[in-house]
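Novice: Sending over a structure as structure tokens; questions will come in a sec.
The values are calculated or read from the model by the stated rules, or taken from the named source; none is laboratory data. Predicted model only: the values in this text are computed from it and were never measured. So basically every Cβ, Gly included, is an ideal-geometry build from the backbone, and we count neighbours across all protein chains shown.
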């Protein structure tokens, strides 16, 4: 069930703690997934949360869940604009950036490094990951940390606790709409 995947992998975004999350969803019917995505967007867009398919494969889809206002704010930062320009992002409007990210996902074997920016990772950690080729991080949680280790560990704990609580209340019957915090 797609909603369960959103809770399991995207609770921090639904709670407003994080700007975006990403997860792979396996399916047997693409049409059914498209309908589920439409239904979720009808429920969540009014709260500022958007659910989008970034990359379709034969039996799976990469689902991107993001807070539009958070992502717009991040994409407006001069340092982020400069960084993304180096990867071919010539326009910082969200629709244009997401379209380019989709293209990069198709042409890239794995994930293009700039995806960290779209997931709300600190730019310093994204750059650190690239410079160190994924090695020599200070700690590792939801991403590899190269700066602000103490603060980020606290954030990781907060996000883990959030996910645990969201999974529990979802299992008890609370709807995803009621669990999603307004932006």
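Novice: Filter the range 1-21 for residues that are under 8 Å from the mean Cα position of the chain (by Cα) and assigned to a helix (DSSP H, G or I); which is surrounded by the fewest Cβ atoms within 10 Å (Cβ to Cβ)?
Specialist: Filtering the range 1-21 for residues that are under 8 Å from the mean Cα position of the chain (by Cα) and assigned to a helix (DSSP H, G or I), the one surrounded by the fewest Cβ atoms within 10 Å (Cβ to Cβ) comes out as 10.
Novice: Still on this structure: Just wondering, is there one or more residues in the range 58-66 that are modelled with pLDDT of 95 or more, farther than 24 Å from residue 175 by Cα and either surrounded by fewer than 16 Cβ atoms within 10 Å (Cβ to Cβ) or under 16 Å from the mean Cα position of the chain (by Cα) (or both)?
Specialist: Yes, the range 58-66 has at least one match.
Novice: Need the failing condition index for residue 107 against (1) farther than 17 Å from residue 18 by Cβ; (2) crowded, with 18+ Cβ neighbours inside 10 Å, just the number.
Specialist: Tallying (1) farther than 17 Å from residue 18 by Cβ; (2) crowded, with 18+ Cβ neighbours inside 10 Å, residue 107 fails exactly one: (2).
Novice: For the range 134-155, what are the residues that are part of a strand (DSSP E or B) and under 21 Å from residue 13 (Cα atoms)? Reasoning before the result, please.
Specialist: In the first step, residues of the range 134-155 are kept if they are part of a strand (DSSP E or B); the result is 139-140, 144-145.
Scanning the range 134-155 gives 140, 144, 145.
Novice: Kindly provide the set of residues from the range 112-126 that are within 17 Å of residue 52 (Cβ to Cβ) and either touching a strand residue (DSSP E or B) at 6+ places or on another chain (Cβ under 9 Å) or not in a loop (DSSP other than H, G, I, E, B) (or both), ordered by number.
Specialist: Passing the criteria: 115, 117, 118, 119, 120.
Here's the yes/no breakdown for (1) under 16 Å from the mean Cα position of the chain (by Cα); (2) modelled with pLDDT of 95 or more:
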position	(1), (2)
107	no, no
118	yes, yes
130	no, yes
149	no, yes
157	no, yes
171	no, yes
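Novice: Sticking with this structure for a sec: So if I check each of 147, 182, which one is surrounded by fewer than 17 Cβ atoms within 10 Å (Cβ to Cβ), more than 27 Å from residue 1 (Cα to Cα), in contact (Cβ under 8 Å) with a residue 24 or more places away in the chain and in contact with a helix residue (DSSP H, G or I) (Cβ under 8 Å, 6 or more places away or on another chain)?
Specialist: Criteria check complete, one pass: 147.
Novice: Looking for something touching a strand residue (DSSP E or B) at 6+ places or on another chain (Cβ under 7 Å), modelled with pLDDT of 95 or more and either over 26 Å from residue 164 (Cβ atoms) or not in a strand (DSSP E or B) (or both) - is there at least one such residue anywhere in the range 72-95?
Specialist: no
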